[in-house]
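We did not get these values from a lab; they are worked out from the coordinates using the rules stated. Since the model is a prediction, treat every value here as computed from it, not as a measurement. Ideal geometry is used to build each Cβ from the backbone, glycine not excepted, and the neighbour counts take in all protein chains shown.
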Amino acid sequence: MVPTGYVLVLAAVLFLLGLVGVVLRRNVIIVMMSVELMLNGVNMTLIGFARARGEMFGQAFSFMIIALAAAEAAVGLAILVAIFRTRRTVNVDEISLMRH
Amino acid sequence: MDLLSQKTPLSQRRPFISSLMATIALLVPWLATSVAWATPQAAAAAKTAPAFNGALWTFYIFGALTIAGALLTITRRNPVTAALWLVFTLFATAGVYLSLHATFMAAIQVLVYAGAIMVLFMFVVMMVGNTERQEFGIMRGLFSKVVALGAIALLGWRLISLLMRQAPAKAAMVSDGYGSVHSMGGVLFREYLFPFEAISVLLLVAIVGAVVISRRSTEEKEEV
Amino acid sequence: MSFSLNPADFVHLAPVLFLTVWACLVLLASAIGGGHGRHYGLLAILGLILSGLGVALSWVQHVQPATDLFAGMMVVDRFALFLDMIFIIAGILTALVADAYLEEHRFTEGEFFALLLLSISGMMMMVHAGDLVMFVIGLETMSLAIYALVASWPGQRRSAEAGFKYFLMGAVASAFLLYGIALLYGVTGTTNLAKLAGVINGKAGEPLVLVGMFMILGAMGFKVALVPFHMWTPDAYEGAPTPVTGFMAAAVKAAGFGALLRLVAGLFSADAWTFGSTGWINIFWVLSVLTMTIGNISALRQNNVKRMLAYSSIAHAGYLLIGVVVVGLDPSQMGAVLFYVVAYAVTTLGAFAVVAWIGSRDVERTTLEDWYGVAKHHPAVALAMMLFLFSLGGLPPTAGFFAKFYLFKAALSFDSPQMLTLVLIAIANSVVSMYYYLRPIVAMYFREGASAPKPLTSFSVYWVLGITSALVLILGMAPDATLAWAAQALMGG
Amino acid sequence: MLLIAILAIPLVGAIAVALMPRKDEQGARHMGMVFTLLTFFVSLALIAGFKISDPGMQFEFSVPWVRSLGINFHVGIDGISLWLVLLATLLGPIVMLSTYKAIDTRVKEFVASLLILEMAMIGALVSLDLFVFYVFWEIMLVPMYLMIGVWGHGAKIYAALKFVLYTLVGSLVMLVAIIYVYVSHGAATGFYTFDYMVLTQSVWGEQAQIFLFLAFAIAFAIKVPMFPLHTWLPDAHTQAPTAGSVILAGVLLKMGTYGFIRFAIPLFPYGAAVWAPYISGLAVIGIIYGALVAYAQKDAKKLVAYSSVSHLGFVMLGLMAMNEAGVTGSLYQMLNHGISTGGLFLAIGMLYERRHTHELDQFGGLWRRMPVFAGMFMIIMLSSAGLPGLNGFVGEFLILVGAFTHHQGVAGTDLPIFIWHSRLMAGIAAIGVVLGAVYLLHLYQKLMFGPITQPKNADLDDASWREILTFAPLIVLIFAMGIYPKPFLERMEPAVKLFLKEYKVKYKASEGYTGQQPKQLASLSRSKYALPALSAPRAGIVAKTTMAGGKAVSPKVPKIVRPKIVPPKVVRPKIVRPKVRPRGGAAPAPRTPRKRISPEDMRRIRRQMQQRGRPPGRGGRGGAG
């Protein structure tokens, strides 16, 4: 029997580590991976709570979140590819065109 | 946070990566054995011998691995390494799920997350190639980073202390089938029927979106 | 726990499902018919009109609110139907503009319109959601489609970058939203909105609930671009293809506010919360002041019309938050905020249609200098733009004025100094906003252009301009019918 | 219906002109001329049909506009607005005539703007519904903005922007006050309406009146413009084209003073009394300041612009005297100012057409080259300076008399301080009259007398027939109003008397009343129009939403006060309510024309109301009987 509090704290740490990655990392792909970490934290929270309540809804929810994460990753990576394709000839330092 | 990064290029770091992969490979049988520990039957059996709480130990070990993996994921300079560590983390997470009797979710985690999604990531990492190009960054400047870190630390401190105090003290007893494919199917095709269907729209959007984004303009096509 | 699938549930949700199917049809058509110059926009519009008819029928036929479709996952009430109608109208107008715009700028069309339809069905799911699961799925369907649409300009790095920025921030916001939901679920044991509204009263003081609600609020604030979470807006609006920008400003904002209102009415405004120690309403009050003030002040120094309109949309989100405050105090005042949403959506669609109209062939003429002398060469369009700008600024006899007036009236009907202050701040903001709304007029009317612009010539854009300016005037001068509809559009009603 | 026609003709004209081909500039001018003249002639019917002895509203017309909010398109005129409407319709063709040469770019748009502006001005003058008034008030901004911005000169964009933003600040504050009035009146009576005739039957508490009056007064004072808020005016005037200046000076500025007399003072008499000393003080400062600054100007147009500040100070001073002489005088002075300052701007515009400058130094000795023009200019100038025998004198004299007996106006106080205050004000204002003569003569002398120093002035043409025709009606009016003011004054008088009587009654009723809610007075003579018969808000929307505030207040300390709405128990008499159309139902029953209800009926209805509804002790029928 795992105390629910432990699970939730673990999940929160995962979520926060993901957040730290999002905020601090400059590499886009790693930032996206950090988002995945955050989503995992959410999933673990849901599953932990579901376990504590002895019901399945939380798990079903986290199932949905996995699908959602997949869809998000697909779109995000597609945009990324599009950026790098258009950027090939451009200087890397000039990251954003839209700065005012 | 880039202190831990290594300057050596990817090609010379093969041995490390293969050792990482080996670790991941080792994890798999471990996971398999944890299933045996973590099932309710095992837990029930464990009652007779309270000296060893299998689920809790599984949780400790995989929890530690999860955190380690997550830390490594967000600190690696090379996206390939980071992705591998993420896979590692996801495996470890699956282990945690097992300790929570969420067997189906653990399987899905390995199959879909660690499998499919991470393949997507790796694919893009490889396709984009040179990592120097991938700089983007939401936060700019040291100051804003420090502020953000402080905010996160504050949030984390509040959140964790709250969770410690407020978490349900005692988990419910669950029946044999809890977390199994059967019980999951029961929820997914009853109460969650509509979301289950609706999520297909989401996936459709993802597919169409990916197609739209990666299309080239007609002119460009003519040139190519 | 007994559950039986009621086939009638599908009928209730027919407009949503139909739209999804139609999107697939558009995809199929474009797969067969090829990519360019085939006016798939018209096909999409046909689907939208049919779906709109369904919504209208549902509105008319509606006797009892259907609140428990698919085990409480979906809700069909007049509130949602009203918003559906806004999405559909916004979709039709966007498709009309896009039809000309995409052709000019060489997009591949079929998928674009399929995404447009899918995003609308996502929005519909979101406002029809009776459960946080569906809420999230709807939100994500909408968002992913919009990310893709923003980044859909082929070969334009600006568009892809805007899309990525938007995507990344949106993904983080989603993670927060989900975490908040997870916490709520943990404390209350349910994700059903109706059940939550009942349970949450007793749990008002629980810190975990608070944290969860804050996270949800923050994520929704991101979606509707409230001020601490608005950073993405100008970039995304500027980088996106203009019809998409218009769609974002009108429909996405409407959807976000619709969802926010559902949450506010369901969760935040529970009696124990309203004036509790946390004071949800006070939070919205502060957000409102911040959003409109910072939105307006940032808009002041924009030389790019598209960016200026982006900041103006932030400011309008601030005004709309007044409506949220009002609804939080008294849910029967929903009409005021819904009317504002309609008026703002119509006006901003018109304004962005003009922005889309004026550019040509890979060049978007969006700086003020590009607009010099437009009134001389294209007096009708300049007049329409002036109308839209006055409506955004809230001058009579336009929709924007009446909406603002109605909103202020709703706010002042609470005899409270706090609301009076809020309205006065909004008034001060209106004056500030007038300053920058006048700038395009100055450019169009008072300055001489070096050369005549060569705008889009397709009639579909003129159609949009005609329809939106007519609607702006109708909503401003004969708002009776819309007011009545908006007043009927109550949740669970 | 006559008023509707007067409103509709310019609007139709604007649309017609807008649809004309761009090339046909002369055609657009003629079309504008036709429509402004038509408006003017139709408006003459107002004089013909005006009942002199009737102090109340005439030519009333009301049709529900936004039913769910109780907004009616309610228009009507009385002796106060009659002449202002006529001034607006008269200046229309005159201005149109003056633009034949002056405006040569985008003529079509100019004529359309002018017509819309005319419509909006008339609309603001005749509307008897606060919402309608506000709409017209704001619509005035747009064409004026375009006129200054597109056809102006110099720093026109700055001037146009300043004009819009200044006016907008005030009017939005007024909007809040209007909404507050609407909401609180509705909450107190259960009858949600913007109708002026209904709202004037209520008085608000002292505190509320002070703030509400201030909110209205800021809007109007900016428009007038009163002394510290006047800075937009010189810019707008100088940069605007002649036509714009004439309309601005002629009618637009009157909107401010008209707003005071029509809305701010009758609705909030107590607030007016509280602020009156300050306002008249500012008015006097405006008189002197405007005159001195005008004298210092080197630019003819700016000089006239500052003279407006001075003249409108007189108008405000008379108005704030709140006695018959003062109010009548300021009404009369509004007309005078419209005519004479309008004329001055026209004249300066004609000089500008010839020389493209407003600099005083560029002129001189024009008398010899342009005797006819100089003669007409002199008459207008003297009228503006208040020469006895011309119209300006009558107005200024009345105002000074009124201001001198100011103390009798402010709620009948005879405290020495009020007496001395009023004497002081009148005394300083009298100095202003002298200063007025000084700067106007200075202007005339600079322009007309002396040697011709600039060679360009040596071959200027005298006034053309078109220009003479432009001036003719003004000059006729200057003499007519100066020599025989009776026809004008006798139509104003009953309305002014009624205005003052109601002011006193309502002042007494609101003195010492500190309630949050407005209370209704049953005893106002004009109340025969004030039946809630116009269009009650459709059952449901407003009433329900505003009465649904009955949620349980949480035990914790409320940060926002829940609406304190007493559920109105007033049962309104069934007879006078219109048939409420069932929503979404069949076609509405044809609207029967609103019945004039005889005093007997009125009494009966009021009795019914009292018997059925008024819960005793709500202080509803307090006030002075």
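Some observations on this one:
- Neighbourhood net charge (15 Å Cβ-Cβ; Lys/Arg +1, Asp/Glu -1) for residue C:346: +2
- A compact globular protein would have a Cα radius of gyration near 2.2 N^0.38 Å; the ratio found for the stretch D:361-485 is 1.41.
- Normalising by residue count, chain C has a Cα convex hull of 126 Å³ per residue.
- Dipole in debye (nearest 20) - the stretch D:50-148, about Cα centre, beta carbon charges: Lys, Arg +1; Asp, Glu -1: 220
- The stretch C:422-493 - Debye-derived log10 I(q)/I(0), Cα point model, q = 0.28 Å⁻¹: -1.09
- 5 angstrom amide H check on residue D:299, placed H, neighbours 5+ away: D:360
- If R0 is 60 Å, the Cβ-Cβ spacing of residue D:44 and residue B:111 corresponds to a FRET efficiency of close to 0.10.
- Cβ neighbours within 10 Å from other chains - mean over D:104-110: 2
- Only alpha carbons enter this Debye calculation for the stretch A:4-87, each as an equal point scatterer, and the log10 of I(q)/I(0) it gives at q = 0.16, 0.21, 0.25 Å⁻¹ is -0.66, -0.94, -1.12.
- Given D:223/D:301; C:409/D:254; D:156/D:446; D:23/D:301; D:223/D:302; D:51/D:254, the pairs whose alpha carbons are separated by over 22 Å: C:409/D:254; D:156/D:446; D:23/D:301; D:51/D:254
- For residue D:58, the amide hydrogen comes within under 5 Å of the amide hydrogens of D:77, D:78, counting only partners 5 or more places away or on other chains and with H modelled in the peptide plane.
- log10 of Debye I(q)/I(0), alpha-carbon scatterers only, for the stretch D:276-483 at 0.09 Å⁻¹: -0.36
- Positive contributions from Lys and Arg (+1) and negative ones from Asp and Glu (-1), summed over other residues with Cβ under 12 Å from the Cβ of residue C:13, come out at -3.
- Along chain C, the exposed loop sites are trypsin sites (Lys or Arg not before Pro) outside DSSP states H, G, I, E and B with at most 14 other Cβ atoms within 10 Å, and the longest stretch free of them is C:1-300.
- Counting all C-alpha pairs of the stretch C:334-493, share separated by more than 21 Å (%): 51
- Across all directions, the average projected area of the convex hull around the alpha carbons of the stretch C:1-151 is 9.0 nm².
- When you work out D = kT/(6 pi eta Rh) for the stretch D:57-194 at 37 °C and 0.692 mPa s, using the Kirkwood radius from C-alpha pairs as Rh and the Stokes-Einstein form, the result is 196 µm²/s.
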